[in-house]
Amino acid sequence: MKHFDYIIAGGGCSGRSLAVRMLSYLKTSNKQVLLVDKVSKKENDKTWCFWEKHPDVFEPAVYRKWNHLSFFSPAVNEQLNICPYQYKMIRAADFYAHTEQQLSENNQVSIIQGNVEKIYTEKEQAFVVIDGETFSTDYVFSSIPQIQEKRPDRYQYLLQHFEGWTIETKLPVFDPDRAILMDFNTVQQGGTSFIYVLPLSANLALVEYTVFSENELPAERYTAALKQYIREQLNCQDYCIKEQEKGVIPMSDHPLKQQENRIIYLGTAGGFTKGSTGYTFRFIQKHTAAIVEQLLKSGNPHISAISPKRFDTYDATLLHLLSSRRLSGEEIFSTMFKKNNPVQILKFLDNETTLMEEIQIFRTLQKKAFALALLNRSLKLIKTS
Ligand SMILES: Cc1cc2nc3c(=O)[nH]c(=O)nc-3n(C[C@H](O)[C@H](O)[C@H](O)COP(=O)(O)OP(=O)(O)OC[C@H]3O[C@@H](n4cnc5c(N)ncnc54)[C@H](O)[C@@H]3O)c2cc1C
(Lines give C-alpha, C1' and ligand atoms only; values in the text may rest on other atoms or scores of the structure.)
Protein backbone atom coordinates (compact mmCIF):
# COMPACT_ATOMS: atom_id res chain seq x y z
CA MET A 1 0.00 0.00 0.00
CA LYS A 2 1.38 3.39 -0.98
CA HIS A 3 2.00 5.77 1.96
CA PHE A 4 2.06 9.58 2.08
CA ASP A 5 2.78 11.58 5.23
CA TYR A 6 -0.22 13.79 4.48
CA ILE A 7 -3.11 13.43 2.05
CA ILE A 8 -5.11 16.50 1.10
CA ALA A 9 -8.49 15.26 -0.13
CA GLY A 10 -10.12 17.96 -2.27
CA GLY A 11 -7.97 20.42 -4.17
CA GLY A 12 -10.25 23.45 -4.22
CA CYS A 13 -9.76 26.63 -2.24
CA SER A 14 -8.90 25.16 1.15
CA GLY A 15 -6.97 22.10 -0.08
CA ARG A 16 -4.72 24.22 -2.28
CA SER A 17 -4.40 26.95 0.34
CA LEU A 18 -3.12 24.36 2.79
CA ALA A 19 -0.80 22.71 0.24
CA VAL A 20 0.82 26.04 -0.73
CA ARG A 21 1.21 27.09 2.88
CA MET A 22 2.77 23.70 3.69
CA LEU A 23 5.63 24.38 1.26
CA SER A 24 7.48 26.30 3.99
CA TYR A 25 7.07 23.32 6.34
CA LEU A 26 8.20 20.83 3.68
CA LYS A 27 11.51 22.72 3.39
CA THR A 28 12.23 21.71 6.99
CA SER A 29 11.21 18.05 6.63
CA ASN A 30 11.30 15.27 4.07
CA LYS A 31 7.54 14.64 4.25
CA GLN A 32 5.54 13.66 1.18
CA VAL A 33 2.12 15.14 0.42
CA LEU A 34 -0.59 13.90 -1.94
CA LEU A 35 -3.22 16.35 -3.20
CA VAL A 36 -6.22 14.71 -4.88
CA ASP A 37 -9.27 16.18 -6.56
CA LYS A 38 -11.88 14.56 -8.75
CA VAL A 39 -11.65 17.38 -11.30
CA SER A 40 -8.63 19.00 -12.89
CA LYS A 41 -9.40 22.51 -11.52
CA LYS A 42 -8.67 24.69 -14.50
CA GLU A 43 -12.03 26.38 -14.98
CA ASN A 44 -12.92 29.76 -13.62
CA ASP A 45 -15.70 28.22 -11.53
CA LYS A 46 -15.98 31.07 -9.02
CA THR A 47 -14.72 34.45 -7.89
CA TRP A 48 -13.59 35.01 -4.32
CA CYS A 49 -13.93 38.38 -2.64
CA PHE A 50 -12.59 39.20 0.77
CA TRP A 51 -10.91 42.02 2.64
CA GLU A 52 -7.52 42.05 4.33
CA LYS A 53 -5.09 44.55 5.80
CA HIS A 54 -1.84 43.07 4.57
CA PRO A 55 -0.94 41.11 1.44
CA ASP A 56 -1.04 37.36 2.07
CA VAL A 57 0.46 34.43 0.15
CA PHE A 58 -2.13 34.63 -2.63
CA GLU A 59 -1.49 38.31 -3.41
CA PRO A 60 0.04 37.35 -6.82
CA ALA A 61 -3.33 35.81 -7.77
CA VAL A 62 -5.34 38.93 -6.85
CA TYR A 63 -7.12 40.17 -9.97
CA ARG A 64 -8.44 43.49 -8.68
CA LYS A 65 -8.51 45.37 -5.39
CA TRP A 66 -10.42 48.41 -4.17
CA ASN A 67 -9.73 50.89 -1.37
CA HIS A 68 -13.28 52.24 -1.39
CA LEU A 69 -16.64 50.55 -1.07
CA SER A 70 -20.25 51.73 -1.21
CA PHE A 71 -23.32 50.52 0.62
CA PHE A 72 -26.79 51.38 -0.70
CA SER A 73 -30.36 50.73 0.31
CA PRO A 74 -33.51 52.78 -0.32
CA ALA A 75 -32.82 54.58 2.99
CA VAL A 76 -29.01 54.59 3.12
CA ASN A 77 -26.28 55.83 0.82
CA GLU A 78 -22.89 55.27 2.45
CA GLN A 79 -19.43 55.68 0.98
CA LEU A 80 -17.20 53.41 3.06
CA ASN A 81 -13.61 54.28 3.74
CA ILE A 82 -12.15 50.89 4.60
CA CYS A 83 -8.47 51.83 5.04
CA PRO A 84 -6.38 49.92 6.32
CA TYR A 85 -8.38 47.14 4.63
CA GLN A 86 -8.49 46.54 0.90
CA TYR A 87 -11.33 44.66 -0.76
CA LYS A 88 -9.85 42.03 -3.09
CA MET A 89 -11.03 39.75 -5.85
CA ILE A 90 -9.40 36.49 -6.91
CA ARG A 91 -10.65 34.60 -9.95
CA ALA A 92 -10.65 30.86 -9.32
CA ALA A 93 -8.85 30.13 -12.62
CA ASP A 94 -5.95 32.40 -11.57
CA PHE A 95 -5.86 30.83 -8.12
CA TYR A 96 -5.76 27.28 -9.55
CA ALA A 97 -3.04 28.22 -12.08
CA HIS A 98 -0.94 30.03 -9.46
CA THR A 99 -1.17 27.21 -6.93
CA GLU A 100 -0.60 24.54 -9.60
CA GLN A 101 2.64 26.23 -10.61
CA GLN A 102 3.89 26.58 -7.03
CA LEU A 103 3.00 23.01 -6.11
CA SER A 104 4.30 21.36 -9.26
CA GLU A 105 7.74 22.93 -8.67
CA ASN A 106 8.04 20.96 -5.42
CA ASN A 107 8.98 17.28 -5.61
CA GLN A 108 7.53 16.53 -2.16
CA VAL A 109 4.00 17.26 -3.44
CA SER A 110 2.15 14.91 -5.83
CA ILE A 111 -1.08 16.06 -7.47
CA ILE A 112 -3.47 13.51 -8.89
CA GLN A 113 -6.97 13.54 -10.31
CA GLY A 114 -9.22 10.93 -8.71
CA ASN A 115 -12.45 10.35 -6.87
CA VAL A 116 -12.08 9.97 -3.10
CA GLU A 117 -14.44 7.12 -2.26
CA LYS A 118 -13.73 6.72 1.43
CA ILE A 119 -11.69 8.21 4.25
CA TYR A 120 -11.24 6.30 7.51
CA THR A 121 -8.90 5.85 10.43
CA GLU A 122 -7.64 2.69 12.10
CA LYS A 123 -5.38 2.78 15.13
CA GLU A 124 -2.64 5.33 14.46
CA GLN A 125 -3.17 5.58 10.70
CA ALA A 126 -5.62 7.11 8.29
CA PHE A 127 -6.63 5.66 4.93
CA VAL A 128 -8.00 7.19 1.76
CA VAL A 129 -9.58 5.13 -1.00
CA ILE A 130 -9.10 6.82 -4.37
CA ASP A 131 -10.67 5.19 -7.44
CA GLY A 132 -10.53 1.79 -5.72
CA GLU A 133 -6.91 2.06 -4.51
CA THR A 134 -6.20 2.51 -0.80
CA PHE A 135 -3.47 4.90 0.38
CA SER A 136 -2.25 5.13 3.96
CA THR A 137 -1.27 8.38 5.61
CA ASP A 138 -0.47 9.99 8.94
CA TYR A 139 -3.14 12.68 8.51
CA VAL A 140 -5.90 13.44 6.03
CA PHE A 141 -7.01 17.03 5.41
CA SER A 142 -10.42 16.84 3.80
CA SER A 143 -12.56 19.52 2.18
CA ILE A 144 -14.94 16.96 0.71
CA PRO A 145 -18.46 17.82 1.94
CA GLN A 146 -19.46 15.90 5.07
CA ILE A 147 -22.82 14.17 4.87
CA GLN A 148 -24.86 15.52 7.72
CA GLU A 149 -28.46 14.84 8.65
CA LYS A 150 -30.35 18.12 9.04
CA ARG A 151 -31.89 19.03 12.41
CA PRO A 152 -34.41 21.80 11.60
CA ASP A 153 -35.89 21.43 15.10
CA ARG A 154 -32.55 22.64 16.50
CA TYR A 155 -30.64 24.58 13.84
CA GLN A 156 -31.28 27.05 11.04
CA TYR A 157 -30.54 26.33 7.42
CA LEU A 158 -30.50 29.07 4.83
CA LEU A 159 -28.92 29.19 1.42
CA GLN A 160 -27.02 32.06 -0.05
CA HIS A 161 -27.70 31.67 -3.75
CA PHE A 162 -26.60 33.95 -6.50
CA GLU A 163 -26.08 34.62 -10.14
CA GLY A 164 -23.51 37.07 -11.46
CA TRP A 165 -22.84 38.52 -14.89
CA THR A 166 -19.64 40.14 -16.03
CA ILE A 167 -21.02 42.80 -18.32
CA GLU A 168 -19.34 45.07 -20.81
CA THR A 169 -21.18 48.33 -21.34
CA LYS A 170 -21.04 50.60 -24.36
CA LEU A 171 -20.82 53.76 -22.26
CA PRO A 172 -18.64 54.19 -19.15
CA VAL A 173 -20.96 53.23 -16.29
CA PHE A 174 -18.71 52.11 -13.44
CA ASP A 175 -16.28 53.81 -11.08
CA PRO A 176 -13.27 51.44 -11.25
CA ASP A 177 -11.98 52.70 -7.87
CA ARG A 178 -15.08 51.81 -5.90
CA ALA A 179 -16.87 48.47 -5.52
CA ILE A 180 -20.46 48.21 -4.30
CA LEU A 181 -20.44 45.83 -1.35
CA MET A 182 -24.24 45.64 -1.07
CA ASP A 183 -27.08 47.43 -2.83
CA PHE A 184 -30.54 46.63 -1.50
CA ASN A 185 -32.23 48.64 -4.26
CA THR A 186 -33.36 45.43 -5.86
CA VAL A 187 -36.28 43.01 -5.87
CA GLN A 188 -36.87 42.03 -2.21
CA GLN A 189 -39.06 38.97 -2.62
CA GLY A 190 -38.60 35.57 -1.07
CA GLY A 191 -35.76 36.56 1.27
CA THR A 192 -33.00 39.07 1.82
CA SER A 193 -31.57 40.06 -1.53
CA PHE A 194 -28.98 42.51 -2.73
CA ILE A 195 -26.70 43.22 -5.62
CA TYR A 196 -22.97 43.71 -5.48
CA VAL A 197 -20.91 45.30 -8.21
CA LEU A 198 -17.19 44.70 -8.76
CA PRO A 199 -15.96 47.13 -11.40
CA LEU A 200 -12.99 46.00 -13.47
CA SER A 201 -12.91 49.16 -15.61
CA ALA A 202 -15.33 51.98 -16.48
CA ASN A 203 -17.03 49.65 -18.97
CA LEU A 204 -16.63 46.23 -17.36
CA ALA A 205 -17.97 44.84 -14.06
CA LEU A 206 -19.21 41.74 -12.30
CA VAL A 207 -22.80 42.43 -11.21
CA GLU A 208 -24.12 39.74 -8.90
CA TYR A 209 -27.63 39.18 -7.53
CA THR A 210 -27.54 37.42 -4.14
CA VAL A 211 -30.44 36.02 -2.11
CA PHE A 212 -30.55 34.55 1.41
CA SER A 213 -33.50 32.15 1.63
CA GLU A 214 -34.49 28.54 2.23
CA ASN A 215 -34.58 27.58 -1.44
CA GLU A 216 -33.04 28.61 -4.73
CA LEU A 217 -35.15 30.63 -7.17
CA PRO A 218 -36.27 29.64 -10.65
CA ALA A 219 -33.58 30.67 -13.17
CA GLU A 220 -35.68 33.47 -14.68
CA ARG A 221 -35.91 35.31 -11.34
CA TYR A 222 -32.13 35.90 -11.20
CA THR A 223 -32.19 37.04 -14.83
CA ALA A 224 -35.07 39.43 -14.21
CA ALA A 225 -33.43 40.93 -11.09
CA LEU A 226 -30.10 41.47 -12.87
CA LYS A 227 -31.74 43.01 -15.94
CA GLN A 228 -33.85 45.32 -13.79
CA TYR A 229 -30.88 46.46 -11.70
CA ILE A 230 -28.70 47.14 -14.73
CA ARG A 231 -31.52 49.07 -16.40
CA GLU A 232 -32.85 51.02 -13.42
CA GLN A 233 -29.94 51.46 -11.02
CA LEU A 234 -26.99 51.51 -13.42
CA ASN A 235 -29.10 53.32 -16.05
CA CYS A 236 -27.61 51.11 -18.70
CA GLN A 237 -29.42 49.66 -21.73
CA ASP A 238 -26.54 48.78 -23.99
CA TYR A 239 -24.35 45.96 -22.66
CA CYS A 240 -23.26 42.42 -23.39
CA ILE A 241 -22.69 39.54 -20.98
CA LYS A 242 -19.08 38.33 -21.13
CA GLU A 243 -19.18 35.70 -18.36
CA GLN A 244 -21.74 34.20 -15.97
CA GLU A 245 -21.40 32.58 -12.56
CA LYS A 246 -23.94 30.85 -10.38
CA GLY A 247 -23.53 29.39 -6.96
CA VAL A 248 -24.95 28.32 -3.64
CA ILE A 249 -23.29 28.69 -0.25
CA PRO A 250 -24.84 27.02 2.81
CA MET A 251 -25.57 29.32 5.76
CA SER A 252 -26.22 27.39 8.94
CA ASP A 253 -25.51 27.21 12.65
CA HIS A 254 -25.37 23.40 12.55
CA PRO A 255 -21.88 22.64 13.90
CA LEU A 256 -19.60 20.54 11.73
CA LYS A 257 -16.83 18.27 12.98
CA GLN A 258 -13.51 20.09 12.51
CA GLN A 259 -11.34 17.12 13.33
CA GLU A 260 -11.78 13.44 14.03
CA ASN A 261 -8.73 11.36 15.02
CA ARG A 262 -6.39 11.74 12.05
CA ILE A 263 -8.88 13.49 9.78
CA ILE A 264 -8.90 17.28 9.78
CA TYR A 265 -11.71 19.01 7.91
CA LEU A 266 -11.02 22.14 5.91
CA GLY A 267 -13.06 24.86 4.25
CA THR A 268 -16.83 24.67 4.00
CA ALA A 269 -16.69 20.98 5.00
CA GLY A 270 -14.98 21.99 8.26
CA GLY A 271 -17.53 24.69 9.09
CA PHE A 272 -15.32 27.61 8.00
CA THR A 273 -18.13 29.28 6.07
CA LYS A 274 -19.39 32.10 8.27
CA GLY A 275 -22.97 31.15 9.03
CA SER A 276 -24.42 34.65 8.76
CA THR A 277 -22.62 35.95 5.66
CA GLY A 278 -21.25 33.01 3.66
CA TYR A 279 -17.76 34.54 3.60
CA THR A 280 -15.23 31.70 3.74
CA PHE A 281 -12.02 32.67 1.94
CA ARG A 282 -10.34 34.55 4.81
CA PHE A 283 -11.39 31.91 7.35
CA ILE A 284 -9.82 29.24 5.16
CA GLN A 285 -6.61 31.29 5.06
CA LYS A 286 -6.54 31.73 8.84
CA HIS A 287 -7.27 28.05 9.44
CA THR A 288 -4.68 26.68 7.00
CA ALA A 289 -2.06 29.18 8.25
CA ALA A 290 -2.72 28.03 11.84
CA ILE A 291 -2.33 24.36 10.84
CA VAL A 292 1.05 25.03 9.21
CA GLU A 293 2.22 27.12 12.16
CA GLN A 294 1.37 24.20 14.42
CA LEU A 295 3.15 21.74 12.12
CA LEU A 296 6.26 23.91 12.20
CA LYS A 297 6.09 24.15 15.99
CA SER A 298 5.30 20.56 16.88
CA GLY A 299 4.91 18.40 13.78
CA ASN A 300 1.26 17.93 14.80
CA PRO A 301 -1.50 19.58 12.75
CA HIS A 302 -4.18 19.67 15.47
CA ILE A 303 -5.10 23.25 16.37
CA SER A 304 -7.65 24.90 18.60
CA ALA A 305 -10.45 27.13 17.26
CA ILE A 306 -9.46 30.06 15.05
CA SER A 307 -12.32 32.29 16.29
CA PRO A 308 -13.69 32.81 19.80
CA LYS A 309 -16.83 30.72 20.44
CA ARG A 310 -19.03 33.78 21.03
CA PHE A 311 -18.97 34.53 17.29
CA ASP A 312 -20.92 31.29 16.70
CA THR A 313 -23.67 32.70 18.92
CA TYR A 314 -23.67 36.03 17.05
CA ASP A 315 -23.87 34.23 13.69
CA ALA A 316 -26.67 31.96 14.90
CA THR A 317 -28.62 34.95 16.25
CA LEU A 318 -28.29 36.87 13.00
CA LEU A 319 -29.22 33.75 11.04
CA HIS A 320 -32.25 33.24 13.28
CA LEU A 321 -33.34 36.80 12.66
CA LEU A 322 -32.88 36.42 8.90
CA SER A 323 -34.74 33.10 8.73
CA SER A 324 -37.61 34.24 10.97
CA ARG A 325 -37.88 37.40 8.81
CA ARG A 326 -38.66 39.44 11.91
CA LEU A 327 -36.18 41.94 10.52
CA SER A 328 -35.03 42.02 6.94
CA GLY A 329 -31.38 41.80 5.96
CA GLU A 330 -31.83 45.24 4.47
CA GLU A 331 -32.81 46.71 7.86
CA ILE A 332 -30.02 44.90 9.70
CA PHE A 333 -27.16 45.72 7.32
CA SER A 334 -28.38 49.28 6.68
CA THR A 335 -28.33 50.03 10.40
CA MET A 336 -24.98 48.31 10.82
CA PHE A 337 -23.28 50.34 8.07
CA LYS A 338 -25.05 53.63 8.80
CA LYS A 339 -24.28 53.71 12.50
CA ASN A 340 -20.79 52.21 12.67
CA ASN A 341 -17.32 52.78 11.34
CA PRO A 342 -17.04 50.38 8.35
CA VAL A 343 -13.57 49.27 9.49
CA GLN A 344 -15.10 48.04 12.75
CA ILE A 345 -17.82 46.18 10.84
CA LEU A 346 -15.28 44.43 8.61
CA LYS A 347 -13.24 43.52 11.69
CA PHE A 348 -16.42 42.22 13.38
CA LEU A 349 -17.41 40.15 10.32
CA ASP A 350 -13.88 38.70 10.39
CA ASN A 351 -14.50 37.55 14.01
CA GLU A 352 -11.60 39.74 15.15
CA THR A 353 -13.25 42.40 17.34
CA THR A 354 -12.88 42.54 21.11
CA LEU A 355 -15.90 42.08 23.37
CA MET A 356 -15.91 45.84 24.09
CA GLU A 357 -15.96 46.62 20.36
CA GLU A 358 -18.82 44.16 19.86
CA ILE A 359 -20.84 45.80 22.63
CA GLN A 360 -20.36 49.16 20.85
CA ILE A 361 -21.75 47.64 17.65
CA PHE A 362 -24.66 45.87 19.39
CA ARG A 363 -25.72 49.16 21.00
CA THR A 364 -26.39 50.57 17.52
CA LEU A 365 -28.49 47.60 16.31
CA GLN A 366 -32.18 46.75 16.77
CA LYS A 367 -31.65 45.52 20.34
CA LYS A 368 -35.15 44.17 20.96
CA ALA A 369 -35.24 42.08 17.78
CA PHE A 370 -31.74 40.72 18.39
CA ALA A 371 -32.51 39.90 22.05
CA LEU A 372 -35.67 38.06 20.99
CA ALA A 373 -33.79 36.12 18.31
CA LEU A 374 -31.10 35.17 20.85
CA LEU A 375 -33.79 34.04 23.30
CA ASN A 376 -35.67 32.01 20.68
CA ARG A 377 -32.50 30.38 19.49
CA SER A 378 -31.44 29.50 23.06
CA LEU A 379 -34.90 28.04 23.83
CA LYS A 380 -34.68 25.93 20.66
CA LEU A 381 -31.33 24.54 21.82
CA ILE A 382 -32.61 23.86 25.35
CA LYS A 383 -35.82 22.17 24.10
CA THR A 384 -33.94 19.82 21.79
CA SER A 385 -30.95 19.01 24.00
C1 LIG B 1 -19.68 30.45 -6.81
C2 LIG B 1 -19.14 30.70 -5.42
C3 LIG B 1 -18.59 31.94 -5.11
C4 LIG B 1 -18.07 32.18 -3.83
N5 LIG B 1 -17.58 33.42 -3.53
C6 LIG B 1 -17.05 33.64 -2.32
C7 LIG B 1 -16.49 34.91 -2.00
O8 LIG B 1 -16.54 35.84 -2.80
N9 LIG B 1 -15.90 35.08 -0.79
C10 LIG B 1 -15.85 34.08 0.13
O11 LIG B 1 -15.28 34.28 1.22
N12 LIG B 1 -16.41 32.87 -0.13
C13 LIG B 1 -17.01 32.63 -1.32
N14 LIG B 1 -17.53 31.40 -1.60
C15 LIG B 1 -17.57 30.38 -0.52
C16 LIG B 1 -16.25 29.60 -0.40
O17 LIG B 1 -15.16 30.48 -0.29
C18 LIG B 1 -16.00 28.69 -1.59
O19 LIG B 1 -17.05 27.76 -1.71
C20 LIG B 1 -14.69 27.93 -1.45
O21 LIG B 1 -14.38 27.38 -2.68
C22 LIG B 1 -14.74 26.86 -0.37
O23 LIG B 1 -13.53 26.17 -0.39
P24 LIG B 1 -13.47 24.61 -0.08
O25 LIG B 1 -12.09 24.19 -0.20
O26 LIG B 1 -14.21 24.34 1.18
O27 LIG B 1 -14.38 23.95 -1.22
P28 LIG B 1 -14.03 23.81 -2.75
O29 LIG B 1 -13.24 24.96 -3.22
O30 LIG B 1 -15.33 23.51 -3.42
O31 LIG B 1 -13.09 22.53 -2.80
C32 LIG B 1 -13.58 21.22 -2.52
C33 LIG B 1 -12.96 20.32 -3.58
O34 LIG B 1 -13.28 18.96 -3.28
C35 LIG B 1 -13.41 18.30 -4.51
N36 LIG B 1 -14.17 17.06 -4.27
C37 LIG B 1 -15.45 16.94 -3.83
N38 LIG B 1 -15.77 15.65 -3.71
C39 LIG B 1 -14.67 14.94 -4.07
C40 LIG B 1 -14.38 13.56 -4.14
N41 LIG B 1 -15.29 12.63 -3.79
N42 LIG B 1 -13.16 13.20 -4.55
C43 LIG B 1 -12.21 14.11 -4.89
N44 LIG B 1 -12.44 15.43 -4.84
C45 LIG B 1 -13.65 15.84 -4.43
C46 LIG B 1 -14.14 19.28 -5.42
O47 LIG B 1 -13.92 19.00 -6.78
C48 LIG B 1 -13.49 20.60 -4.98
O49 LIG B 1 -12.42 20.97 -5.82
C50 LIG B 1 -18.08 31.15 -2.85
C51 LIG B 1 -18.66 29.92 -3.18
C52 LIG B 1 -19.19 29.70 -4.44
C53 LIG B 1 -19.83 28.35 -4.72
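The values are calculated or read from the model by the stated rules, or taken from the named source; none is laboratory data. None of the values given here were measured: they were computed from a predicted structure. So basically every Cβ, Gly included, is an ideal-geometry build from the backbone, and we count neighbours across all protein chains shown. Surface accessibility is based on the protein's heavy atoms, side chains included, excluding ligands, DNA and RNA. Shrake-Rupley method; radii C 1.70, N 1.55, O 1.52, S 1.80 Å.
Quick notes
- Matching entry among K338, K347, K274, K297 (being open to solvent by less than 50 Å² (accessible area, probe 1.4 Å) and not in a loop (DSSP other than H, G, I, E, B)): K347
Conditions tested, residue by residue: (1) farther than 17 Å from D312 by Cα; (2) surrounded by fewer than 20 Cβ atoms within 10 Å (Cβ to Cβ).
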residue	(1), (2)
V187	yes, yes
L198	yes, no
R221	yes, yes
L226	yes, no
D238	yes, yes
Q258	no, yes
I284	no, no
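- Pair list, Cβ < 9 Å and 6+ apart or interchain, from region 34-53 residues that are among the basic types (K, R) to residues that are assigned to a strand (DSSP E or B) and more than 10 Å from the ligand (Cβ to nearest atom): K46/R91; K53/Q86
- Flag for T268 being closer than 30 Å to R310 by Cα and open to solvent by less than 70 Å² (accessible area, probe 1.4 Å): yes
- Any hit, region 307-321, residues being in a helix (DSSP H, G or I), in contact with a helix residue (DSSP H, G or I) (Cβ under 7 Å, 6 or more places away or on another chain), aliphatic (A, V, I, L, M) and open to solvent by 20 Å² or more (accessible area, probe 1.4 Å): no
- Any chance T277 is within 18 Å of the chain's Cα centre (by Cα), among the β-branched types (V, I, T) and modelled with pLDDT under 95: yes
- Here region 115-133 is the region considered, the condition is being within 16 Å of the ligand (Cβ to nearest atom) and at positive phi, and the residue that is surrounded by the most Cβ atoms within 10 Å (Cβ to Cβ) is D131.
- Look at region 271-292: where a residue is without any contact (Cβ under 8 Å) to a residue 60 or more places away in the chain and near the ligand (Cβ under 8 Å from one of its atoms) and a partner is of a type in the set (A, V, I, L, M) and not in a loop (DSSP other than H, G, I, E, B), sitting 6+ places away or on another chain with Cβ atoms under 8 Å, you get T273/I249; T273/M251.
- Strands (runs of 3 or more DSSP E) wholly inside region 1-92 that include at least 2 residues being within 13 Å of the ligand (Cβ to nearest atom): 2-9, 33-37, 47-52, 62-66, 86-91
- Pairs meeting the criteria (first residue in region 114-126 and in a strand (DSSP E or B), second residue surrounded by fewer than 10 Cβ atoms within 10 Å (Cβ to Cβ), beta carbons under 9 Å, at least 6 apart or on different chains) are E117/G132.
- So G247, is it in contact with a strand residue (DSSP E or B) (Cβ under 9 Å, 6 or more places away or on another chain) and assigned to a strand (DSSP E or B): yes
- Unmet criterion (only one of (1) within 16 Å of the ligand (Cβ to nearest atom); (2) modelled with pLDDT under 95) for F141: (2)
- Every residue from region 311-357 that is among the charged types (D, E, K, R) and closer than 26 Å to R154 by Cα: D312, D315, R325, R326, E330, E331, D350
- Matching residues, region 27-48, being modelled with pLDDT of 95 or more and surrounded by fewer than 20 Cβ atoms within 10 Å (Cβ to Cβ): K31, Q32, K38, V39
- Single residue of S193, S136 found to be outside any loop (DSSP other than H, G, I, E, B), of a type in the set (G, A, S), in contact with a helix residue (DSSP H, G or I) (Cβ under 8 Å, 6 or more places away or on another chain) and more than 14 Å from the ligand (Cβ to nearest atom): S193
- Flag for I230 being open to solvent by less than 30 Å² (accessible area, probe 1.4 Å), modelled with pLDDT of 95 or more and either within 21 Å of the chain's Cα centre (by Cα) or within 14 Å of the ligand (Cβ to nearest atom) (or both): no
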